[in-house]
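The values are calculated or read from the model by the stated rules, or taken from the named source; none is laboratory data. All of these numbers come straight from a predicted model, not from anything done at the bench. A quick note on method: Cβ atoms are made from the backbone with ideal geometry, for glycine too, and the neighbour counts reach across all protein chains shown.
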Amino acid sequence: MGNDGGSIPRRIELVKEKAKDVKLNPELERAAAWLHCALSKLLLEQPVVSCGLGKLYNQDAIIEYLLDKNVYGDGDKICGHIKSIKDTVKLNLTPNPAYNEKGSSPDSATMGNLERSAKSKFICPISMKEMNGKHRFVYLDSCGCVFAEQALKEIPSKECVSCGKPFDSNNVIVINPSKDEIEDMKKAMEEKKAKAKADKKSKKTEDKKNGITSEKKRKRSNSPDKVVKKVSTIQSSAAAAVMDKVAQDLAEKQKNNPLSSVVKSIYGDKSKKETGNYLTKGTFNRY
């Protein structure tokens with residue numbers, strides 16, 4: 001109350017207000033999602049991989065996580081759906097020629113110049129747009145090639161313009177999708193895994209029905225085309241060995257050939273005094 005040696009409570013101590021939502025800088029969020037590994041939080045460095053949910057990772061970070069699930073504290077929350085390296089796709093990224101390692105790094109950018117200085121290391125090979133979150137990007141899980149979504153839509157072909165591998169709409173994966181798209185992508189990812197598992201099981205059943213064993217599969221690997229390839233490799237190795245032998249024989253022959261007087265004058269016995277050397281022998285010298 002006062003004058004009793006106690007303290008007067010303040011309004012903030014008596015009235016509990018609703019906690020305010022913390023608003024993150026959207027530019028920082030964008031840079032974190034598009035320029036950094038979702039797992040290690042380090043800058044993206046090739047080789048870069050992505051999962052069925054469109055997140056971007058450094059491949060070495062995923063390998064570390066698979067070897068030790070505790071190496072990253074929140075690894076299970078971020079990429080718990082990744083059980084093996086087969087659950088990721090290695091991306092074929094196009095380097096950005098305008099990227100400057102020193103001046104374009106988000107780590108060196110301040111809040112004032114983040115928009116200007118945080119450039120992406122990668123671009124779309126068709127439209128040349130930067131892969132920095134300002135434009136929607138997709139990748140093809142059939143080959144790993146990355147494009148701006150709009151650029152890929154404008155090309156009617158069902159073959160990848162970078163590598164020529166065929167694809168369909170199910171192979172197009174959105175990179176860093178919105179929250180509304182995540183649930184649909186999770187369902188699609190699970191369906192693909194289930195289909196791949198069923199296909200593998202049916203193939204084993206069919207092989208067993210047809211009497212195809214692992215021994216027969218090994219024999220198939222020794223098909224005529226593969227044998228020809230192996231033979232050509234062996235022949236090239238044999239040719240290289242023959243050339244090495246010829247070179248060694250020539251070197252031995254040159255060793256046995258007698259040295260000329262000029263060469264002997266260079267490598268002769270230094271203890272013997274000679275009136276001249278290979279530069280002055282047979283020439284006029286007043287000394």
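On the basis of being assigned by TED's automatic domain parsing to the domain that holds P47 and of a type in the set (D, E), does E190 make the cut?
Numbers: assigned by TED's automatic domain parsing to the domain that holds P47: no; of a type in the set (D, E): yes.
In short, no.
Residues of region 159-185 being in contact with a Gly (Cβ under 8 Å, 6 or more places away or on another chain) and part of a helix (DSSP H, G or I), which ones?
So the first thing to find is which residues in region 159-185 are in contact with a Gly (Cβ under 8 Å, 6 or more places away or on another chain), and the list is 173-177, 185.
Selection gives M185 alone.
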* Asked: If we scan region 132-155, do we find a residue that is touching an Asp or Glu at 6+ places or on another chain (Cβ under 6 Å), assigned to a helix (DSSP H, G or I), in the same structural domain as L43 (by TED's automatic domain parsing) and modelled with pLDDT of 90 or more?
  -> no
* Single match in S108, S104, S120 (criterion: surrounded by fewer than 18 Cβ atoms within 10 Å (Cβ to Cβ) and either at pLDDT 95 or above or polar (S, T, N, Q) (or both)) -> S108
* Can we say E191 is modelled with pLDDT of 90 or more and either in a helix (DSSP H, G or I) or farther than 19 Å from G54 by Cβ (or both)? -> no
